[in-house]
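A.B. asks: Dumping the structure here so I can ask a few things about it.
The values are calculated or read from the model by the stated rules, or taken from the named source; none is laboratory data. In this text the structure is predicted, and so the values were computed from the model without any measurement. Note that we place each Cβ from the backbone using ideal geometry, even for glycine, and neighbour counts take in every protein chain shown. Surface areas here come from the heavy atoms of the whole protein model, side chains and all, with no ligands, DNA or RNA. Shrake-Rupley method; radii C 1.70, N 1.55, O 1.52, S 1.80 Å.
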Amino acid sequence: MSIAGRMARLARWLGPWAAPHQAPPAIERRLIRVGRGGREFEAWVYVDPSRKPQGSVLVVPGLHFAGPADPRFDRFSRVLAHAGFLVLAPFLPDYADLLVRPSVVDDAEAALDALLA
């Protein structure tokens, strides 16, 4: 998919005219386990099965108990996948517990390692 095609898909779903509770159809989401050093957590991987991804994105949720399961975050990840990206969205344990700790950096790095693998 061309860059113009990606931009058009992003604009269609993220512009002010987009319905905020609708997401692109047929995006696959699967659960994987990531982590290192004995500290594991789950992550969702999003992909559009109708085309080969042309890039990848690590989308790290903010300090929110639902993490990637927040409907707005899930929709955003689906939109990115529809635009041709493979998307990895980790459930960072500390952020899910509403805590800011240095270990979140290690967890984000582990998620990045999983994405690169």
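A.B. asks: What does the helix-only formula give at 222 nm for the chain: each DSSP H stretch with n ≥ 4 adding -39500 (n - 2.57), the total divided by the residues, and the result rounded to the nearest 500 deg cm²/dmol?
C.D. replies: The helix contribution divided over the chain gives -10500 deg cm²/dmol.
A.B. asks: Principal axes first, then extents: for the Cα atoms of the chain, list largest minus smallest coordinate on each axis, whole Å, largest first.
C.D. replies: Answer, in whole Å and largest first: 40, 28, 20 Å.
A.B. asks: Right, here's the next one. For segment 48-64, take each phi angle, set θ = phi - 60°, evaluate the Karplus expression 6.51 cos²θ - 1.76 cosθ + 1.60, and give the result in whole Hz per residue in order, putting x for glycine and proline.
C.D. replies: Taking θ as phi minus 60°, the curve returns 8, x, 7, 8, 6, x, 9, x, 9, 9, 9, 10, 9, x, x, 6, 8 Hz for segment 48-64.
A.B. asks: Got a number for carbon plus sulfur as a percent of the chain's accessible area, 1.4 Å probe?
C.D. replies: Looking at the chain in its full context, I get 60 percent from C and S.
A.B. asks: Give the angle, between 0 and 90 degrees and rounded to the nearest 10, that separates the Cα long axis of helix 103-116 from the longest principal axis of the Cα atoms of the chain.
C.D. replies: Roughly 50 degrees, rounded to the nearest 10.
A.B. asks: Please compute the per residue accessible area over the chain with all protein chains in place, 1.4 Å probe, rounded to a whole number of Å².
C.D. replies: I get 57 Å² per residue for the chain.
A.B. asks: State, to one decimal in nm², a quarter of the convex hull surface area for the C-alpha atoms of segment 1-61, i.e. the direction-averaged projected area.
C.D. replies: Across all orientations, segment 1-61 yields a mean hull projection of 5.6 nm².
A.B. asks: Expressed in nm to one decimal, what extension gain is obtained for the pair LEU31 and ASP97 from 0.36 nm per residue of sequence separation less their Cα-Cα distance?
C.D. replies: Gain on extension, LEU31 to ASP97, equals 21.8 nm.
A.B. asks: Between 0 and 90 degrees, rounded to the nearest ten: what's the tilt of helix 3-14 against the longest Cα principal axis of the chain?
C.D. replies: 80 degrees
A.B. asks: Once both labels are modelled 7 Å past Cα along the beta-carbon direction, what's the SER50-ALA66 spacing in nm?
C.D. replies: Here the modelled spin labels are 2.6 nm apart.
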